[in-house]
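> Pasting in a structure now, in structure tokens, and then I'll have a few things to ask.
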Amino acid sequence: MIFPTISQAITTGGFVAVRLAANCSCVSFSLWTEDGATYEISSESDGSDAINIVDGFPLSMIKPHAKEAAGAILCYAKGSTSTNLVGLVTK
């Protein structure tokens with residue numbers, strides 16, 4: 001089985017939306033940084049409830065998202081460096 005993937009550039013500049021591809025849904029997802037860098041995730045775009053994920057540790061969440069034309073927002077993320085947040089989606 002092939003799982004859809006996530007790839008989002010993140011920097012220290014601020015929180016950015018991490019989205020599913022357009023018109024895709026999911027039951028759960030996993031995220032990590034390509035280079036193992038520390039990152040933060042939040043359910044709010046301003047990062048007000050951010051949690052720090054150290055050493056690029058893979059984060060797995062069971063959080064269903066419905067299809068959206070623009071791609072459902074999974075979370076917001078900010079890097080400790082300029083890197084890519086990547087992951088897999090379970091449908």
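The values are calculated or read from the model by the stated rules, or taken from the named source; none is laboratory data. Because the structure is predicted, anything quoted here is derived from the model rather than measured. Positions of Cβ are backbone-derived with ideal geometry, glycine not excepted, and every protein chain shown enters the neighbour counts.
> Testing F15 on (1) at pLDDT 95 or above; (2) surrounded by fewer than 19 Cβ atoms within 10 Å (Cβ to Cβ), one condition comes back false. Which one is that?
F15 satisfies all of (1) at pLDDT 95 or above; (2) surrounded by fewer than 19 Cβ atoms within 10 Å (Cβ to Cβ) except (2).
> Could you check region 30-42 and list, in sequence order, the residues that are over 13 Å from K78 (Cβ atoms) and out of contact with any Leu (no Cβ under 9 Å at 6 or more places or on another chain)?
D35, G36
> Filter region 10-64 for residues that are more than 11 Å from the chain's Cα centre (by Cα), within 18 Å of K91 (Cα to Cα) and not small (G, A, S) and give the result.
N23, C24, C26, V27, I62, K63, P64, listed by residue number.
> Give the number of residues within region 44-80 that are of a type in the set (V, I, T) and exposed (fewer than 13 other Cβ atoms within 10 Å of the Cβ). Show your work before the answer.
Our first condition is that a residue be of a type in the set (V, I, T); within region 44-80, this holds for 51, 53-54, 62, 73.
Now narrow it down to the ones that are exposed (fewer than 13 other Cβ atoms within 10 Å of the Cβ): 51, 54, 62.
Looking only at that region, the number is 3.
> Does any residue in region 73-85 that is closer than 12 Å to F15 by Cα come within less than 9 Å, Cβ to Cβ, of a residue that is acidic (D, E) and surrounded by 15 or more Cβ atoms within 10 Å (Cβ to Cβ) six or more places away or on a different chain, and which pairs are these?
Listed by first residue and then by second, the contacts come to Y76/E40; A77/E40; K78/E40; G79/E40; S80/E40.
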